[in-house]
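The values are calculated or read from the model by the stated rules, or taken from the named source; none is laboratory data. Just so we're clear, the structure is a prediction, and the values are computed from it rather than from any experiment. Please note: Cβ atoms are built from the backbone with ideal geometry, for glycine as well, and neighbour counts cover all protein chains shown. All accessible areas refer to the heavy atoms of the entire protein, side chains included, with ligands and DNA or RNA removed. Shrake-Rupley method; radii C 1.70, N 1.55, O 1.52, S 1.80 Å.
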Amino acid sequence: MKETIDLKELLSSRFAAQESAINGAAASDFFQQRKAAFHWFGHLGFPTPKHEEWKYSNVRNLISESYAFNAGHEVTPELLETLQIPNLEGNILYFVNGTYQPRLSTLVSPPGQVLILPLQEAAQSHPDLFKAYYNTLAKNEKEAFTALNTAFSSEGLFIHIPDNTVVEQPVILRFISDARKQNSGAQTRVVVAAGRNAQFKMAEAFRTLGEERSFTNIVTEIHVGEEAYVEYYKVQNETDNAYHIGTTQVRMRDRSHFYAATVSLNGGFIRNNLNIEIDGQFCDAHMYGLYAPNGRQHIDNHTLADHRQPNSFSNELYKGVLRDQSVGVFNGKVFVRPDAQKTNAYQSCKNVVLSPGAKMNTKPQLEIYADDVKCSHGTTTGQLDEEALFYLRSRGIPKSEAMGLLMFAFCEDVISQIRIDPIRHYLEGVIAEKLNLTQ
């Protein structure tokens, strides 16, 4: 019989041991923030389906396991070569089991163009800059997994783009979970601060090695300064034994632009939270998402466009393709505060369910407290267009291939929005393979 695991109790013991081991450093502001966050985690506890925001996503299986956090690994440069995206150039930084691997990483942008430092190094060498941005967007008092990340995220990156700077090469963060010998766990914090009129592209990509369980709990804070332009891409191609909780918190200032695309292709249990505070006038926020679960995979996307100032725009398009016994969840909220007059906000979620055992749960929401706005939302869930399928089959295309072509075209609406060409081409190949179009 399997031993009963109380992950919350194990984490409490680990945090207490961590506090006693750091001696005088326990008084530092950095650790005090972590201690306060762990207090909130203890108060909140892991969410259950009784929590409205977790109604369709039960984390029972996730928290019934123990994990080796920041464990050692046997990932070599030769192994990473087999995981590379062809023709991808830029600042490519690797994390294995949550720990930054400078020897496996490549930095090509000059230091004056972008500052990229491990989290603790940034706290020591640039204390004022670090304090201005670290943990200022995270909602520790409301989100248990965010609080848990803050409490344990000694590993991570701090990225700062100075004012009036264009970062010519993208920053690619590649997260590898090595679960070949044991359950692995990672709690990584990424903090991005784009200055006034800065331009920057970044991507986060997640892979899992091995068949043991892996648990990734990542929080990314992105500050978009006035007139700045930031593109953010997230790609998940993990295993059926991978649990992933990802929260991206964004704050936008006047006349800034933020552009996001989240593509979830594989993973046993995935929860993506993308929360954008549009705290400036004349801002543009775009959110695109694609999820394609099969087997018994579970993919949950929660989004928030929080309009706090007038004269801004947000647009959102999420698409899902579900097969077998998979489950999809989409909960998208547009929140328009009383001062956010002349807001334009649009939200759409479209899903195709290919198998009778697959299930899609959608909950689009509008919460509007201003009267001079244009807002709309909508969601559709159905099967393939029979007329389009008949048209392709009438021209001699086999049914399975015809279905794949229709699904590829359906997915391409989102994939085409990815503006880092090698990543887009790679994803098109993975999707084609998943839809059996590469035979």
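Below is a table of values for the structure above.
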{"item": "Dimensionless Rg ratio for segment 167-225, taking C-alpha atoms and the 2.2 N^0.38 Å reference", "result": "1.42"}
{"item": "Loop sites in segment 353-435: trypsin sites (Lys or Arg not before Pro), DSSP, at most 14 other Cβ within 10 Å", "result": "ARG395, ARG419"}
{"item": "Dipole magnitude of segment 272-395, debye to nearest 20 (Cβ charges: Lys/Arg +1, Asp/Glu -1, about Cα centre)", "result": "480 debye"}
{"item": "Sites matching trypsin sites (Lys or Arg not before Pro) across segment 111-213 that sit in DSSP coil, with at most 12 neighbouring C-beta atoms within 10 Å", "result": "LYS142"}
{"item": "Cut-off of 10 Å, at most 15 other beta carbons, DSSP loop: longest stretch of the chain lacking such GluC sites (Glu not before Pro)", "result": "212-439"}
{"item": "Karplus 3J(HN,Hα) series, Hz, for segment 73-78 with 6.51 cos²θ - 1.76 cosθ + 1.60 (x for Gly, Pro)", "result": "8, 10, 7, 10, x, 5"}
{"item": "Helix runs (DSSP H) in the chain reaching 18 Å along axis by Cα, Kyte-Doolittle at least 0.0", "result": "399-415"}
{"item": "Cα gyration tensor, segment 35-76 - rounded (a/c under 1.5), prolate or oblate", "result": "oblate"}
{"item": "Rounded percent of accessible protein surface that carbon and sulfur make up, segment 317-439, 1.4 Å probe", "result": "49 percent"}
{"item": "When the convex hull of its Cα atoms is projected in every direction, mean area for segment 1-135 (nm²)", "result": "13.1 nm²"}
{"item": "Surface accessible to a 1.4 Å probe, per residue, for the residues of the chain, Å²", "result": "43 Å²"}
{"item": "All lysines inside 16 Å of LYS359 as judged from Cα atoms, apart from same-chain residues fewer than 8 positions distant", "result": "LYS55, LYS319, LYS350"}
{"item": "Proximal lysines relative to LYS181, as straight alpha-carbon distance under 22 Å, when same-chain residues fewer than 8 apart are discounted", "result": "LYS2"}
{"item": "Amide H partners (placed H, <5 Å) of GLY332, local residues excluded", "result": "THR303, LYS363, GLN365"}
{"item": "Sites matching chymotrypsin sites (Phe, Trp or Tyr not before Pro) across segment 317-410 that sit in DSSP coil, with at most 16 neighbouring C-beta atoms within 10 Å", "result": "TYR369"}
{"item": "Whichever aspartates and glutamates have a C-alpha closer than 12 Å to that of LYS8, once near sequence neighbours (fewer than 8 apart) are set aside", "result": "GLU65"}
{"item": "Cα→Cβ-extended label distance, 7 Å offset, between ILE397 and SER416, nm", "result": "1.5 nm"}
{"item": "Modelled label reach - ARG60, point 7 Å along Cα→Cβ, segment 299-314 residues with backbone N closer than 18 Å", "result": "299"}
{"item": "Where Rh is the Kirkwood radius over Cα pairs, Rg/Rh for segment 92-184", "result": "1.00"}
{"item": "Carbon + sulfur, % of accessible area of segment 152-223 - ligands and nucleic acids excluded, 1.4 Å", "result": "35 percent"}
{"item": "Selection from LEU117, ASN217, PRO127 lying farthest towards where the dipole of the chain points positive, charges on Cβ", "result": "ASN217"}
{"item": "Whole-number D in µm² s⁻¹ for the chain, Kirkwood Cα-pair radius fed into Stokes-Einstein, 10 °C, 1.306 mPa s", "result": "71 µm²/s"}
